[in-house]
Amino acid sequence: MTSPASKHQPLIGVYPGTFDPVTLGHLDIIERALKVVDHLVIAIADSQSKGPLFTVEERKLLLETDMKNNKKMIGKSYEVVSFSKLLMEFVLDMKARVIVRGLRAVSDFEYEFQMAGMNAYLNRDIETMFLMSQDKHQFISSRFVKEIARHGGDVSHFATPNVVAALKKKLKK
């Protein structure tokens, strides 16, 4: 007879996004998701239609660097990967059972609710888990961070020093 513990399969979650660039809000959701799932796949979408500032490779490197530099990530099980297929196909490839989505404000909810409904239609076995950002991160978005940085504003309260330096370098070109 097998014990229930021996049947335990690790709960794998996928946190998808463009992460262009990664913000403190994204890192907050990652930290919180790692308290719930056994392994987190941070999935960088190759969304050329969104006209990203950073390439997929640059976004991956920025995120990996921020994760390595974050003491709260020590001993946590995660990986940073990119993908360019239907999210549900990617989730199944990763053997995940949960999609992690961050919510900042009520305005995010309608879009995220529709996406969760579509994903549930595609596969009822995959759950979507919504995590609210901490109050101090609820107004941060990659789009606003890029816009402020483009105009020479200080984005150090919204992103790590690694990302701030990368933005300055990228926008100087």
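Brief remarks follow.
- Once the Cα atoms are used to define both axes, helix 106-122 deviates from the longest principal axis of the chain by about 40 degrees.
- Here Cα extents along the principal axes in Å was calculated from the structure, and among [x] 65, 58, 32; [y] 51, 31, 24; [z] 64, 34, 30 it sits at label [z].
- Evaluating 6.51 cos²θ - 1.76 cosθ + 1.60 at θ = phi - 60° for every residue in segment 38-46, the Karplus couplings come out as 7, 8, 10, 9, 8, 9, 8, 6, 8 Hz, glycine and proline recorded as x.
- Cα gyration tensor shape for segment 115-173, rounded if a/c is under 1.5, else prolate or oblate: prolate
- A Cβ-based charge dipole, computed about the Cα centre of the chain with Lys and Arg at +1 and Asp and Glu at -1, lands at about 500 debye.
- Straight-distance crosslink candidates among lysines, where the alpha carbon sits under 24 Å from residue 168 and sequence neighbours closer than 8 are dropped: 50, 60, 68, 136, 146
- Rounded to 10°, Cα long-axis angle of helix 161-172 versus longest principal axis of the chain: 50
Values in this text are rule-based calculations from the coordinates and carry no lab data. The shown structure was predicted, so the numbers you read here are calculated from the model rather than taken from an experiment. Neighbour counts run over all protein chains shown; Cβ positions are idealised from the backbone, glycine included.
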